Amino acid sequence: MLLEASGLTKSFGGVTAIADLDFGVPEGLVYAVIGPNGAGKTTLFNIISGIYRPDEGRLNFAGQDLIGRATHRIARLGMSRTFQNLQIFFNMSVLENVMVGCHARALTGLAGALLRLPRMRREEEEIRQWAGEALDFCDLGGLKDRQASELPYGALKRLEIARALAARPRLLLMDEPAAGLNDTETLEMRGLIGRIRDQGITILLVEHNMGLVMRVSDRILVLDYGSRLAEGTPAEVRANPRVVAAYLGGEVHYAVE
């Protein structure tokens, strides 16, 4: 397993957000986490990325213990994340936004940056190249010199993904990538997720659009009040009566064709 959790528990003021949770994410797959609002999905993402420290449990990524590691150290291990609420630098260009995402791979220290040593200049050129490749991959290459503030919402969602990809992660955490997108943009996002997986990058996905989830996911974990309700393939989850009763609420209709 690329990412493996055992007994994860996290409480806030007496309210348990994640309760004794076990799961494993195989490498190279799209692994989705679904559940109603308050199920603990965002809390789980925050634990994995190092924003929260669990009260109990173990969490390993690529054989490394993540508990207690700072977010930037987790990123250096090969993990990137996008957010439900866009984290974009609107006063910077599209290219500059993506170059920021390469900081996890940068090796030049402060002295080298201040002195503009040859190694630093070479590294800056590499970062610019990585950023350009990520923008091309996300169909944003033609907009690299535009201000981020000029982009429509759907392009901004892809910009955040491009920035995460520029760090060349093994695991990409995607938090509600289709939130706020129209049907056409959602189909484009579906294609982008598939292309990312085809590059060998493992995706951990939180998403409320069930049409998208069922079509892009290889495995799905269903949370209910921070606990594991079910896990399996999309077909298995869709047919699970406990999932239908607790989360889906009845017959499922899919908007993404």
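The values are calculated or read from the model by the stated rules, or taken from the named source; none is laboratory data. Keep in mind that this is a model prediction, so the values were computed, not measured. All Cβ positions, even for glycine, are placed from backbone atoms using ideal geometry, and neighbour counts span all protein chains on display. The protein model used for the area step is the full one, side chains on, heavy atoms only, and it has no ligands, DNA or RNA in it. Shrake-Rupley method; radii C 1.70, N 1.55, O 1.52, S 1.80 Å.
Structural remarks
- Selection status of ARG76, in contact with a Gly (Cβ under 9 Å, 6 or more places away or on another chain) and open to solvent by 60 Å² or more (accessible area, probe 1.4 Å): no
- Sole residue being modelled with pLDDT of 95 or more, more than 26 Å from GLN199 (Cβ to Cβ), touching a Leu at 6+ places or on another chain (Cβ under 8 Å) and not charged (D, E, K, R), chosen from GLY40, GLY57: GLY57
- Tallying residues that are among the β-branched types (Val, Ile, Thr) and in a strand (DSSP E or B) within region 26-63 yields 3.
- Enumeration of residues in region 171-202 that are under 14 Å from THR82 (Cα atoms) and among the charged types (D, E, K, R): ASP175, GLU176
- Every condition in (1) without any contact (Cβ under 8 Å) to a residue 60 or more places away in the chain; (2) open to solvent by 60 Å² or more (accessible area, probe 1.4 Å); (3) touching a helix residue (DSSP H, G or I) at 6+ places or on another chain (Cβ under 9 Å) holds for GLN84 except the one numbered (1).
- Of the residues making up region 18-58, those that are hydrophobic (A, V, I, L, M, F, W, C), open to solvent by 20 Å² or more (accessible area, probe 1.4 Å) and within 21 Å of ARG242 (Cβ to Cβ) number 1.
- Answer from PHE83, PHE23 - the residue that is touching a strand residue (DSSP E or B) at 6+ places or on another chain (Cβ under 6 Å), outside any helix (DSSP H, G or I) and at pLDDT below 95: PHE83
- Total residues in region 90-102, condition part of a loop (DSSP other than H, G, I, E, B) and either under 15 Å from the mean Cα position of the chain (by Cα) or exposed (fewer than 14 other Cβ atoms within 10 Å of the Cβ) (or both): 2
- Residue in region 128-151 that is farthest from ARG190 (Cα to Cα), counting only those that are in a helix (DSSP H, G or I) and of a type in the set (D, E, K, R): ARG128
- The residue that is most open to solvent (accessible area, probe 1.4 Å), among those in region 64-73 that are of a type outside the set (Val, Ile, Thr) and in a loop (DSSP other than H, G, I, E, B), is ARG69.
- Residue count for region 124-162, restricted to those that are aromatic (Phe, Trp, Tyr) and open to solvent by 90 Å² or more (accessible area, probe 1.4 Å): 1
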